[in-house]
Each structure stands twice: as structure tokens, then as C-alpha cells.
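Everything below concerns the one structure shown next.
The values are calculated or read from the model by the stated rules, or taken from the named source; none is laboratory data. Just so we're clear, the structure is a prediction, and the values are computed from it rather than from any experiment. Neighbour counts are summed over all protein chains in view; Cβ atoms, including those assigned to glycine, are modelled from backbone coordinates with ideal geometry.
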Amino acid sequence: MKRIRTLLQKYCAVAVINLHSSTAYTGEVAMRSIMITVILYVLVHLWKAAYSASGATAISGLTVRDTLWYLVLTETIILSKSAFSTRISEEVRDGSLAYTIMRPYNYILYHMSYSLGDSLVKLLMNFAAGALVVLLLEGPPQHFTIVMIPFLLISVILALVLDFCFEGLIGLCAFILEDVSSLQLIYNKILFILGGMLIPLDFFPGWLAALSKALPFNLVLYGPARIFVRGEISAALTILFLQCLWITVMATILFLLYRKAVKYLSINGG
Amino acid sequence: MHAVEISFLTKSFRTVLREPGLKGSLRAVFSPRYLNVEAVKDISLNLEEGEILAFIGPNGAGKSTTIKILTGILFPSGGEAKVLGLTPWKDRQKLAYHIGSVFGQKPQLWYHLPPIDTFNLFSKIYELDINAYRKSLNFLIDAFDIGSLITTPVRKLSLGQRMKCEIAASLLHKPRIIFLDEPTIGLDVVAKQQIRDTIRHLHDSEGTTVFLTSHDAGDIESLCKRVIIINHGQVLYDNRVSALKRRYLTKKAISVRFAEKIEGQFFMEGVEVLKMSEYGVKLQFQTDATPVEKVIEQLMQAHSVVDITVQDPPMEEIIRSIYEKPPEERKDESASEEAE
């Protein structure tokens, strides 16, 4: 029991120092929030035009306001998620991996705590800024109730953990390839489309919607956003279950691969 | 128990051979040719607990690779290594509590935060008892004179200030062995001396074993009793620093100041004139061919001498002469050294 507490303290300390570090520049944090307000301002007008052109009040059960709140959440997650693969890649290139890999902790868990610490502040800031835009231009979300808050919060955290696993798999390639920006680009594009960042998956043609929902990427963005706009507990539980399932699968692969990748490691700087 | 035991350690990297230009890059993608680089080949050495070892060699000799294997970061291609009885690459986490390392050119402090935040984090990561942590922190603050620095964000510190904090961060958990990879690189004399003093103090008071690589002969002279020189991944020399001096210090330099002006050229058999002015001269000679006393005697007889200074060549020169010798010659030397 005491051992578990010490370990928790250890990883919490990592998350906290990074939370602290990511708020070191208040200016930069504020600028990032401006980014999401601009994106959402554009999206509000784009989707309003799209809805009025089609003449429908709801597409696949989503009204224009639902769609916009959906996008608040997906944009918040995509802008707040931590680029773990880029960080591994940097560590390999500047050689600081020599330090981070030889401390008494699990390297993967260390980086997971690091990423979560980094993301938490960004999540709050981005959500507040994005929600403000849609709230002012369109009004409050229609189906969201206070009861859903815990489901939403857990789902967002799980989404970040799942994303961390994907990023980690890409990042481990840096042990061998050194530069993984191309892989990361591909992953981000997958999230844009199959993850449902740009368009809710429900709008896709049948086969593409089915494919996207069968793949785990939708659980990073579409899943939590859907909980937010639909507000159905049973659907929320299914999403949480699928998130946990995929995290278990991906984390297992990640840990196994890490043990392999470490053997291939070569560190720059002689 | 030996603090470090290495036997027949080898590490080779396989890299893709890239030819210059676009054509070369394309060829590397479609039919890559590989180059096997043997960074470490057959290194064997033992280090007793409490020893301070200088592990030196020119750039690319395999020093850092060896340290990375010993700290568990790299897996060797062959051979055995034990650090405090543990195999580093298998028991990395267990070993991490007992060793500390400083890589002079690599950052470990959180760049945007003051060093004290990183120190506090490390106290959690290394699971330090709060009192032990405070004691150790206070000691390091005094030793490095960093009391006023630890609350300043790292990005605002100068290189010297930052390095002192980087090293302090590696020592907080009182490691039994410290691996220092060029800890004083780019620092001024005062900062260098503080770092050397602290390392020596830790060694004297805690019996810390020190494994040091450095290109600074001053680090080696002021800290180490034993020196291992490696090049091309092999051990060239393993003996006491004093023996290194005795063996390779075959040259001496003498600076003389005369009472009267000297006319014409200065000449003495077996002696090379390095510098000459109206009232003085700087000479250099091989002591095995021309004994010091003979040179001084001649000088005294010929002129009226005001002042005379006999100097050893700097350590750097000795090391350079070992690096520069062709491999066969060096092999013979270390064999005869062992026989001594």
C-alpha cells in the first residue's frame, strides 16, 4: 500500500511540474486560446451556411447547434493533446534521452504523466475559449445535463490516454528512425477524418461511418464529443467501455514494443 | 565487490552508408549499404569502490558509449558488465537509485522553471526521505554556491550557473557511483574549481566512486589517481596518473633570466631554443638525452643567471602524444607497462 502511494506521488509530481511548466508563459497560453476562437468562429459560419443550403434543421439527428458544440469538443481535444511522439523524437535527437531513460521510473508511465500534466491546463483554457464563441453565436448545448459531467470528464481523460498510446507507438519508431514527423502527420490526418474532428462521423456515407466506428481512432475525438452532444447514459457507457478496451490493447502493445525498441536504441552525441 | 566490472565489452552500431547528393540518398533507400561501426571493442576494466577514475580519449574513442552501457541506456553487442553487482541494461531501474550521471552537453533541468522545481521532482522520483533530501540539498547549495540561482528560471541562467545546477540535480540522491561525461565543458576557472572541489568532497566524505571523462587535463590532474586512456574502442593505457607522468614526461622546459644582455645566438648541444629575448631564453630538451643538471650547470657557467624555472610540459601534451602514436607502438608500451 505504501509502495503504491510512493509510486502515485512520483508520477503525480511529474504531471504537476509539467502543468506548472506549461503555464510558465501566460502570453503563450492565451495565444493558444485565441487560436481555437478563430477556428470556431470560422466553423460556426461554415456550418450555418451548410445547414441553410441543405434546408434541413437536423442532419443525421444533429442540429446545427449540436454540430457546433460537437466541434468545440473535438477542437479542444485536438489542440490540447500532447505531442508525445515529437517529444520522444526530440529526446533522441538532442540526447536528453540519456537522462530520461535512466531514472527509477517506468519510461512510458513517466511520459504519460508528463503528457497529462501538459494537457490539463490546455484543455480547460481551450474549452473555455471555444465554448464562449459558440455560446455567444449559437446558444447553450441542448442535450447536455449535469449528470453527464462525470462521464464526459472520464471520457476526455481516456481519450487523451488512448491518444497517448498511438503517439507512443509512433514515438518509439524514433528510437530507430530518429525523425517521425511524417508518421505523426499521417496519424493527425487520420484523426481529422476517421477520428471525426472535422465532420461528425454520423454525416459520413454508411460504409465510411461503419469503418470509422470500427477503428479505435474515433474514440479519441468522436466518442467524447458524442457524449457531450447526445447526453445518453447508455451510449456514454458503451463509449467508455470501448475506450478502456482499446487502451488495454494499445497499452499492451506499447509496453511490449518499448521493451524491444530499447534494445535498438542508439543515442546521438557520441 | 568491485564498483564497476567490465569484461570484453563490445558495442557496434550499424549505420546506413550515405553517399553525397540526391543520387546517393536514393541509392541508400533502395539498396542500402551498411557500415558497421565498432564504437567499443573488447574493453575490460575493474573499478574499486571509492576510486576516482579518469576515462579519457579523443572524440569518438568510445568513452560516452561505454558510460551509456554502464548506466543502462545502451545494450552492448557482447561482453559482460556489472555496476554495483547489477547488470545495467537488465536492472536499469534498480540501479538508477544508486548511480548518478552528468552529461555535460545535455539538459535535464526543466527549462522554463527554476532549478528548485526540478530538484523537488527528483526527490519524489528517487523517493528521498524529506530530511535526507533537505540535508543533501543544503550541502549542494553551499558547495556550488547556488543559493540565489535555484529560484531563477533555468532559461535565465548562464551556462556556468546552469551546469552547476545540472550537476547538483544528479547528486541529490547521493549516488554511490557518479558518471561524469565532460562535466566542466565550456566553464570558467572558478566554476570548474567548484565542481572539482565538490566531487572531491563527495568522494572524501561519502566514499563516492567517480567515473570521469573529460578533455580537460586539469580535471584529471586535480581529481584522479588512476587514468584509463582509450582510442578506437580499445584500452591503450591503464595506470596511475603519476606513472603516466613519469613515463611520458621525458621533456622539460627551462626559462632563464640573465643579469646581462646576451650577444648573438644562444646555442647548447641537445637543447632546443623555444623563445629568446635580450635578457632571457626559454629552452626545451629531452631529459633522457640531456639531464637537467647538465643544462643548468652549463647555463650557470656561461652566464650570470638571475632567475631560473624548470617546467613540466602540460598534461595535455602528454595525452596528445599518446593519442598521436600509431596503434602498434602503443600496444608495446602498455605491455611493457604491465610488466613493470
Scanning the range A:68-115 for residues that are of a type in the set (Val, Ile, Thr), within 14 Å of chain B (Cβ to nearest Cβ) and more than 23 Å from A:Lys10 (Cα to Cα) gives A:Val92
Matching option when the condition is touching a Phe, Trp or Tyr at 6+ places or on another chain (Cβ under 9 Å) and either modelled with pLDDT under 90 or among the hydrophobic types (A, V, I, L, M, F, W, C) (or both), among A:Ile34, A:Ile17
A:Ile17
Which strands (runs of 3 or more DSSP E) sit wholly inside the range B:208-294 and have at least 2 residues that are closer than 28 Å to B:Leu9 by Cα and among the β-branched types (Val, Ile, Thr)?
B:209-213, B:226-231
Within the range A:202-222, can one find any residue that is under 19 Å from the mean Cα position of the chain (by Cα), farther than 25 Å from A:Thr145 by Cα, away from chain B (no Cβ under 14 Å) and of a type in the set (A, V, I, L, M)?
yes
Return the pair list, or none, for Cβ contacts closer than 7 Å from residues in the range B:159-188 that are within 21 Å of B:Tyr97 (Cα to Cα) to residues that are surrounded by fewer than 20 Cβ atoms within 10 Å (Cβ to Cβ) and acidic (Asp, Glu), at least 6 apart or on different chains.
B:Lys174/B:Glu206
What pairs come out if I take residues in the range B:28-54 that are farther than 13 Å from B:Ile228 by Cα and pair them with residues that are among the polar types (S, T, N, Q) and outside any strand (DSSP E or B) whose C-beta lies under 6 Å away, six or more apart or interchain?
B:Ala39/B:Thr65; B:Val40/B:Thr65; B:Val40/B:Thr66
Under 7 Å between Cβ atoms, which residue pairs at least 6 apart in sequence (or on different chains) link something in the range A:21-42 that is over 10 Å from B:His112 (Cβ atoms) and assigned to a helix (DSSP H, G or I) with a partner that is modelled with pLDDT under 90 and basic (Lys, Arg)?
A:Arg32/A:Lys122
Looking at (1) modelled with pLDDT of 90 or more; (2) surrounded by fewer than 24 Cβ atoms within 10 Å (Cβ to Cβ); (3) not β-branched (Val, Ile, Thr), find the lone condition where B:Gly60 falls short.
(1)
Inter-residue pairs, beta-carbon under 8 Å, first within 7 Å of another protein chain (Cβ to nearest Cβ) and in the range B:111-124, second of a type in the set (Lys, Arg) and in a helix (DSSP H, G or I), 6+ apart:
B:His112/B:Arg155; B:Lys124/A:Lys10
Could you count how many residues in the range B:93-110 are more than 7 Å from chain A (Cβ to nearest Cβ) and within 19 Å of B:Ile146 (Cα to Cα)?
3
Between residues in the range B:58-72 that are more than 7 Å from every other protein chain (Cβ to nearest Cβ) and residues that are among the small types (Gly, Ala, Ser) and assigned to a helix (DSSP H, G or I), which pairs lie under 6 Å by C-beta distance while being six or more apart or on different chains?
none
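Do you know which residues across the range A:104-145 are free of Cβ contacts under 8 Å to residues at least 12 places away in the same chain and farther than 18 Å from A:Val72 by Cα?
First, pick out the residues of the range A:104-145 that are free of Cβ contacts under 8 Å to residues at least 12 places away in the same chain: A:104, A:106, A:124, A:135-136, A:140.
Once the filter is applied, which keeps residues that are free of Cβ contacts under 8 Å to residues at least 12 places away in the same chain and farther than 18 Å from A:Val72 by Cα, the range A:104-145 yields A:Pro104, A:Asn106.
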